1. Give the lysines reachable from K165 as a straight Cα distance under 30 Å; neighbours fewer than 8 places away on the same chain don't count.
2. Treating each Cα of the chain as an identical point scatterer and ignoring solvent, apply the Debye formula and state log10 I(q)/I(0) at q = 0.11, 0.16, 0.17 Å⁻¹.
3. Hey, any idea what the orientation-averaged projected area of the convex hull of region 2-76's Cα atoms comes to, in nm²?
4. Nearest 500 deg cm²/dmol is fine: what mean residue ellipticity at 222 nm does the chain get from its DSSP H runs of n ≥ 4 alone, each adding -39,500 (n - 2.57), divided by its residue count?
5. Residues with amide H under 5 Å of A74's amide H, sequence separation 5 or more or different chain, H placed in the peptide plane at 1.01 Å from N; which?
6. With +1 assigned to the C-beta of every Lys and Arg and -1 to the C-beta of every Asp and Glu, and no other charges, what is the dipole magnitude of the chain about the Cα centre in debye, to the nearest 20?
7. Return one number: the angle in degrees, 0 to 90 and rounded to the nearest 10, between the long axis of the Cα atoms of helix 15-25 and the longest principal axis of the Cα atoms of the chain.
8. For the Cα atoms of the chain, what angle does the longest principal axis make with the long axis of helix 189-200, in degrees from 0 to 90, nearest 10?
Amino acid sequence: MEHAILISVSDLVGTLHQLTKVLAEYHANINYVDIIHLPNQEVQVYFEFKIEEDLDRVLAELREISNVRAIESAPPFAKIYGKRIIVMGGGAQVGQVALGAISEADRHNIRGERISVDTIPLVGEKELAAAVRAVVRLPRVQLLVLAGSLMGGEIAKAVKEVREKGLPVISLNMAGSVPGEADLVVSDPVQAGVMAVMAVADTAKFDLLRQQKRRY
């Protein structure tokens, strides 16, 4: 069964090891870990894991660790924020893609989906290429949309790399080599946002694989 817990701890060396050691003893399969440093407060460690053992027994043993101050159960991020779509590129184009994506996500979320849209306006080839490569390190990301008027070079290489790792990429129809590396190219930014959400939504009948390398 999947669980999520938030543990407040003292910021001391070896604390993370002590926590994961207990989880390992109960054969917990840890899916996600985050360490939250709050200003002027104790550190919080967030775990998402699957376990067959009684959770109360696990929590009781975690509370015996001297560095642990408090433990609370929480719903997993997937149940709150669900799947993530990342939109990056020029500010004007990003805003228009977000307009379509958020409107479409609202339609599906009302029907029980959980789809969130994250945006980041960026300029510069190195900056965008680094951001594209970093997307695969973010949790729950299902699709990347590149919105701009000119992207190529190192950005195109980054797009190819993340696609090889299994991340679908939609590109606006722009100058440069990025559209040639994307799974799908869409001219209208609002429509690109709509199609991005349709591609990841379980409540939509849109298969991105059947649209690969097409331009709209």
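1. Answer for K165, where 30 Å is the Cα cut-off: K50, K79, K83, K126, K157, K205, K213, listed by chain and number.
2. Debye intensities relative to I(0), on a log10 scale: -0.64, -0.99, -1.04.
3. On the way: hull surface 18.3 nm².
Orientation-averaged projected area of the Cα hull: 4.6 nm².
4. Taken over the chain, the calculation gives -11000 deg cm²/dmol.
5. A4, I5, L6
6. On the way: 24 positive and 27 negative charges, 183 e Å.
Once rounded to the nearest 20, the dipole reads 880 debye.
7. That helix lies at roughly 80 degrees to the long axis.
8. 50 degrees
Computed from the coordinates by the stated procedures, all read-outs in this text should not be read as laboratory data. This one's a predicted model, so the numbers in the text were calculated from it and none came from an experiment. Note that each Cβ is placed from the backbone with ideal geometry, even for glycine, and that neighbours are counted across all protein chains shown.
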